[in-house]
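Note sheet for the following structure.
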Amino acid sequence: MVMYWVQALLFMTVLFPALVDCKIRHYSFTVVLKNTTRLCATKPIVTVNGKFPGPTLYAREDDNVLVRVTNHVQYNVTIHWHGVRQFRTGWSDGPAYITQCPIQPGQNFLYNFTLTGQRGTLLWHAHISWLRSTMHGAIVILPKKSVPYPFPKPDKEKVIILGEWWKADTEAVVNQAMQTGLPPNISDAHTINGHAGPVPNCSSEGAYTLHVQNGRTYLLRVVNAAVNDELFFKIAGHNLTVVEVDAAYTKPFKTDTLFLGPGQTTTALLTADQGIGKYLIAISPFMDTIVAVDNLTGMGFLRYNHTLAFTPTTLTSIPPVNATAVTSVFSEALRSLNSKEYPANVPLTVDHSLFFTIGVGINPCATCFNGSRGVAAINNVSFVMPTTALLQAHYYSIKGVFTDDFPGQPLIPFNYTGTPPSNLQTMNGTRVYRLAYNSTVQLVIQGNSIIAPESHPTHLHGFNFFVIGRGVGNFDPNKDPLKFNLVDPVERNTISVPTAGWTAIRFRADNPGVWFFHCHLEVHTTWGLKMAFLVDNGKGPNESILPPPIDLPQC
């Protein structure tokens, strides 16, 4: 009988972890192919536990999370717990060949990490090739027991995951692009919780429906799990009150439109205060430059209880695809809560003042379509993926895998948002930037206009950072710092650098290990817009990375 109750408790922990007062959360993720029909066509996709999107991982702040990932597909896989701080547990961060070798077919690996000082919404996704197009899901970190939200308690909570769908196999899409040197094909639809909703030439496509009851308040945990598209999110006739982004509380503010880059999350309160009926939920892309984008609006519905079957849908206008002003208003409205319980500990002194230019370029390629290929770079360095994981090479002092001479400034300054230089070629290298433990970093990320200026959602692993400033044009080191917000800047793990503009962030390097920094548009990551920070150990074991787990995958 005792064994029965132990098994029952473990079963409930896996299926309903929010209901069990337990410090350890056990999950089992099995990676399998699943035939899935969308846009009136069926294809096999890579899934976790046969679900698209994958299962939501629930836990509480300070919980220890154990996820056994077993690979039953033909591809190598890894999973990244996007936004989880991973204090001293870089082995469980997940980016392939950065912190681990991938999990090979037929193998498994136990991810083991603790959710330290975080609460809110994050996501998990595959972090190798383009498998995250279908291998993704939400992470919900609830407050500690008996700790309330710093906003009115909602009646219910809903997870809403935004994504993209290709009719083709996404691995074939990226492989074709790499062989030809041309940009990859854009997606064929956008999805809400895996459903594209009504689309041209497919009348049977299902739609996500959010069922609500008049007078009740709902906490919407919105996740952008798209591969390449920044997205707007709107619900006809309803305002949303933003209360948290990237698992960090914000000062509440009302808006009718959310803006999320890939990898970003936004949690907002929705009050069902309209008349009984059916209201359109719309997600649409943002692109304010000449780059091709999937311009199909993803549609779902908010439906009040007691709405009659054939009630017409209340519609809404969507922002223009190039609605730069909407993105700016939303981004600048975000502020840290900065309360006594949740302070904004912005570094006020800077040990490393870095300036990274980011953008695309053209390199020679004898076998490619035009004799050249599209590439992307930071400070003109296109990152070359190693065959030994960087963290292993660092931990075991393996020579020849990387160098620690990544340039902290552009090697050849130019007018970044003006006329591009005549030479569009980049350097290649596996280079990291080394930081002493607990040192402070100010990083100005400057978009450039080479080929085409573009908004870049940029993600830093292993840390949250404070977004202290943003602007258009070239960053002015004399004037722009005078306008930095060092009081209540928003705290994030992924930030969009505006088209032909810049964003300034600060963080404290208090997490030893090797931490990936890259554009979260998968096309740009594939092309080399990535690098890594190496944070040395501090003093003693509590400031040092933990030893690698015994089941760490081998290359």
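The values are calculated or read from the model by the stated rules, or taken from the named source; none is laboratory data. Predicted, not measured: the structure shown is a model, and the values here were computed from it. Backbone-built Cβ (ideal geometry, glycine too); neighbour counts: all protein chains shown. Accessible surface is based on the protein model in full, side chains and every heavy atom, while ligands, DNA and RNA are left aside. Shrake-Rupley method; radii C 1.70, N 1.55, O 1.52, S 1.80 Å.
From the Cα gyration tensor of segment 157-286, with a ≥ b ≥ c the square roots of its eigenvalues, which class applies: rounded if a/c is under 1.5, or else prolate if a/b is larger than b/c, or else oblate?
Working: a/c = 2.93, a/b = 1.63, b/c = 1.79.
Oblate, because a/c is 1.5 or more while a/b does not exceed b/c.
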### Cα lying deepest toward the dipole's positive end in the chain, options 214, 329, 289, charges on Cβ
214
### Message
If I compute solvent accessible area with a 1.4 Å probe over the protein chains, what percent of it on the chain is carbon and sulfur?
### Response
55 percent
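Within segment 308-373, report the chymotrypsin sites (Phe, Trp or Tyr not before Pro) that DSSP leaves as loop and that have at most 16 other Cβ atoms within 10 Å.
Values: sites: 310, 330, 355, 356, 369; in loops: 310, 369.
Here the sparse-neighbourhood loop sites are 310, 369.
Pairs 23/156; 254/479; 399/539; 254/340; 145/251: which exceed 28 Å Cα-Cα?
Values: 23/156 24 Å; 254/479 31 Å; 399/539 24 Å; 254/340 23 Å; 145/251 23 Å.
Result: 254/479 exceed 28 Å.
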### Query
trypsin sites (Lys or Arg not before Pro) within segment 430-517: which are DSSP loop residues with at most 14 other Cβ atoms inside 10 Å?
479
### Query
If you roll a 1.4 Å probe over the heavy atoms of the protein chains, what accessible area per residue do you get for segment 352-543, in Å²?
37 Å²
### Task
Would you work out which of 185, 168, 502 lies farthest towards the positive end of the dipole of the chain? Charges go on Cβ: Lys and Arg +1, Asp and Glu -1.
168
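Name the trypsin sites (Lys or Arg not before Pro) in segment 236-340 that are in a loop by DSSP and that have at most 11 other C-beta atoms within 10 Å, would you? Write out the running numbers ahead of the final one.
On the way: sites: 254, 278, 303, 335, 340; in loops: 340.
Passing both the DSSP loop test and the Cβ count: 340.
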### Solvent-accessible heavy-atom area per residue, rounded to whole Å², over segment 280-338 at 1.4 Å
49 Å²
### Task
Choose one of 555, 143, 466: the residue whose Cα lies farthest towards the positive end of the charge dipole of the chain (beta-carbon charges +1 Lys, Arg; -1 Asp, Glu; about the Cα centre).
143
### Beta bridges per DSSP with both ends in the chain, % antiparallel, nearest 5
70 percent
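Label the chain by shape, choosing from rounded, prolate and oblate, from the square roots a ≥ b ≥ c of the eigenvalues of the Cα gyration tensor; if a/c is under 1.5 it is rounded, and otherwise prolate applies when a/b is larger than b/c, oblate when it is not.
Working: a/c = 1.28, a/b = 1.16, b/c = 1.10.
Rounded shape, in that the Cα axes give a/c under 1.5.
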## Note on the structure
Sorted list, accessible surface of protein heavy atoms, 1.4 Å probe, largest first, for 332, 205 is 332, 205
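Relative contact order of the chain: what whole-number percent is it, with Cα pairs under 8 angstrom and at least 6 residues apart? Show your work: numbers first, answer last.
Details: 1503 pairs, mean separation 78.2, N = 555.
Relative contact order for the chain comes out at 14 percent.
Rounded, prolate or oblate: which fits segment 252-387, taking a ≥ b ≥ c as square roots of the Cα gyration tensor eigenvalues, rounded meaning a/c under 1.5, else prolate when a/b beats b/c? Spell out each step's value before the answer.
Numbers: a/c = 3.06, a/b = 1.42, b/c = 2.15.
Taking the square roots of the gyration eigenvalues as a ≥ b ≥ c, segment 252-387 is oblate.
How large is the dipole of segment 156-333 about the Cα centre if only Lys and Arg carry +1 and Asp and Glu carry -1, each at its Cβ, rounded to the nearest 20 debye? The partial results should precede the final answer.
Values: 10 positive and 15 negative charges, 153 e Å.
The calculation lands at about 740 debye.
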### Query
What list of ³J(HN,Hα) values in whole Hz, one per residue of segment 31-42 in order, does the Karplus curve 6.51 cos²θ - 1.76 cosθ + 1.60 (θ = phi - 60°) give from phi, with Gly and Pro shown as x?
8, 9, 7, 9, 5, 9, 9, 9, 6, 6, 9, 10
